[in-house]
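The values are calculated or read from the model by the stated rules, or taken from the named source; none is laboratory data. The model shown is predicted, which means the values in this text are computed figures rather than measured ones. A quick note on method: Cβ atoms are made from the backbone with ideal geometry, for glycine too, and the neighbour counts reach across all protein chains shown.
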Amino acid sequence: MKKRPYLLTLKIKWHSLRITYLNALLECCLDLKLKQKLQGSIHYHEMKLLKHIHQPPKSYTQM
């Protein structure tokens, strides 16, 4: 049953990495449409990150 905490850690790291990468792209982007798309992607990954961080492990909720 150690796969779930590992998977959660992997998801958190993935979304954190994507946020950092997309912010770097956003800083050097000149196209307004592309900036809006990047901001939408950043928002998506921030919401997913918050969901994973504030989600209690299933072992706690199944008692």
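Here's the yes/no breakdown for (1) of a type in the set (Val, Ile, Thr); (2) modelled with pLDDT of 95 or more:
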{"site": "Leu8", "(1), (2)": "no, no"}
{"site": "Leu17", "(1), (2)": "no, yes"}
{"site": "Leu22", "(1), (2)": "no, yes"}
{"site": "Leu25", "(1), (2)": "no, yes"}
{"site": "Lys35", "(1), (2)": "no, yes"}
{"site": "His45", "(1), (2)": "no, yes"}
{"site": "Leu50", "(1), (2)": "no, no"}
{"site": "Ile53", "(1), (2)": "yes, no"}
{"site": "Thr61", "(1), (2)": "yes, no"}
**Complete:** Matching residues in segment 5-30 (touching a Pro at 6+ places or on another chain (Cβ under 9 Å) and among the aliphatic types (A, V, I, L, M)) number 1
**Residue count, segment 1-47 (criterion: surrounded by 12 or more Cβ atoms within 10 Å (Cβ to Cβ) and either touching a residue at least 12 places away in the same chain (Cβ under 8 Å) or touching a strand residue (DSSP E or B) at 6+ places or on another chain (Cβ under 9 Å) (or both))** = 17
